[in-house]
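See structure below.
The values are calculated or read from the model by the stated rules, or taken from the named source; none is laboratory data. No experiment lies behind these values; they were computed from the predicted model shown. Please note: Cβ atoms are built from the backbone with ideal geometry, for glycine as well, and neighbour counts cover all protein chains shown. Areas reflect the complete protein model, heavy atoms only, side chains present, ligands, DNA and RNA absent. Shrake-Rupley method; radii C 1.70, N 1.55, O 1.52, S 1.80 Å.
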Amino acid sequence: MTPACSAALVTGGTGFIGAALVRRLVANGTRVVCLVREDSPRRARLPAGARALALADGSRAGLERALAGESFDVVFHLAASGVSPDARDPEGLVAGNVALTCNLIAALAERPPRRFIHIGSCSEYAPIEAPALLGEDHPLDPPSLYGAAKASAWLCGRTLAARLGVPFVAQRLFGVYGPGEAPSRLVPYLLSRLRAGEVPELTGGEQVRDFSFIADVVDALVLAAGAPGLEPGRAYNVCTGVPVRVREVVELVAQIVGQGGDLGLGRRPYRDDEPMWIVGDPARFAAATGHAPRVPLAEGLRTTAQALQDGP
């Protein structure tokens with residue numbers, strides 16, 4: 001297979017989505033370099049076949065030192081602070097999203113990539129009422145600090161990239177799940193509790209979300225590396241456009257593991273900053289690239305359950 005890019009830089013390559021992306025790029029024959037903080041306990045999780053560049057800090061100077069002499073066709077910027085709800089202090093959110101994005105763009109300006117792909121989030125959008133789909137032109141007015149930090153990173157990054165001549169596009173991800181997720185995330189949490197014969201502690205599950213299987217998301221990211229139809233300075237949703245109640249996911253997982261009875265729905269309150277409807281419109285990215293998700297929810301959940309049962 002001819003790779004969409006011969007050399008890629010990946011930030012956040014030890015995370016759930018980043019690691020899956022790195023494995024795919026390596027399998028496709030791409031030379032992959034990952035920026036990894038020197039003090040990160042996750043350095044050992046870097047997938048085989050990728051080269052690590054030690055990063056002392058996320059300042060512009062620190063990034064320039066780490067990237068000295070390097071050049072890349074494509075940059076996938078997945079690193080972000082605040083992905084976990086318990087790590088969302090304002091200072092860390094600004095440093096790990098806005099500052100890191102701008103510093104990375106500035107550090108690459110002398111040898112800009114053919115495309116800088118910034119990984120955004122559906123959390124950036126203002127709430128919307130059902131059954132409307134969130135399109136890329138919907139206002140960015142998020143109810144959460146995390147969403148505000150991601151939206152700020154997009155706005156500042158896009159403006160700085162245009163000024164410095166770095167081709168910058170964003171892909172806003174919706175509800176990614178699959179093998180490799182953190183144990184605290186919904187699906188692995190459910191599988192762990194139900195297989196142990198324990199009752200999960202969940203909200204009422206009436207939130208409606210747009211769930212994307214990790215393999216489909218990685219397809220979209222790799223496709224974006226070489227797709228000629230993507231325009232610099234624009235954002236593209238990566239989603240299915242299919243509304244699914246969280247309660248439905250809980251019930252599907254229970255069926256997969258053969259558990260019934262009390263599933264713990266309603267034991268926790270909904271979060272104050274949690275919109276009840278988040279479903280994206282995939283039309284812009286589909287029109288530009290031809291991308292369409294391939295993995296139905298039930299199949300993705302079965303694959304995830306099997307992977308977690310099999311272990312590493």
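Each of G13, G29, A50 was placed along the dipole of the range 3-65 (beta-carbon charges, centred on the mean Cα), and the one lying farthest toward the positive end is G29. Accessible surface for the chain, divided over its residues, is 45 Å² per residue with a 1.4 Å probe.
Across the range 1-99, the relative contact order, built from alpha-carbon pairs under 8 Å that are at least six residues apart, equals 29 percent. The phi torsions of the range 66-76, fed into the Karplus equation with coefficients 6.51, -1.76 and 1.60 and a -60° offset, translate into couplings of 5, 9, 4, x, 9, 8, 9, 6, 9, 10, 10 Hz, rounded to whole numbers, with Gly and Pro shown as x.
Spatial offset of the range 60-76 relative to the range 220-280 amounts to 33 Å, using the alpha carbon center of each. Atom-type composition of the exposed protein surface of the range 122-217 places 56 percent of the accessible area on carbon and sulfur (1.4 angstrom probe). Rounded to the nearest 20, the Cβ-based charge dipole of the chain about its Cα centre (Lys and Arg +1, Asp and Glu -1) stands at 880 debye.
Here the range 137-284 carries DSSP beta bridges of which approximately 20% are antiparallel, counting only pairs with both residues inside. Protection proxy ranking of 170-176, 63-69, by the mean of other Cβ atoms within 10 Å over each peptide's residues and highest first, is 170-176, 63-69.
Annotation: amide H-H contacts under 5 Å for F168 (H modelled 1.01 Å from N, sequence separation of 5 or more, or interchain): F116, G233. Each of (1) 0.96; (2) 0.98; (3) 1.05 is a candidate for Rg/Rh (Cα atoms, Kirkwood Rh); the one calculated from this structure is (1).
Normalised by the number of residues in the chain, the average gap of Cα pairs under 8 Å and 6 or more apart makes the relative contact order 17 percent.
Equivalent-ellipsoid semi-axes for the range 29-111 (Cα gyration tensor, √(5λ), whole Å, largest first): 21, 17, 11. Looking at the chain, the DSSP beta bridges with both ends there are about 5 percent antiparallel. Summary of packing: across the peptides 12-18, 140-146, the per-residue average of other C-beta atoms within 10 Å ranks them, highest first, as 12-18, 140-146. Scaled against the 2.2 N^0.38 Å expected of a compact globular protein of N residues, the Cα radius of gyration of the range 99-148 reads 1.52. When the solvent-accessible area of the range 17-88 is split by element, carbon and sulfur atoms take up 48 percent of it, the probe being 1.4 Å. On average over all directions, what projected area in square nanometres does the range 101-244 have, based on the convex hull of its Cα atoms? Reported value for the Cα convex hull: 10.1 nm².
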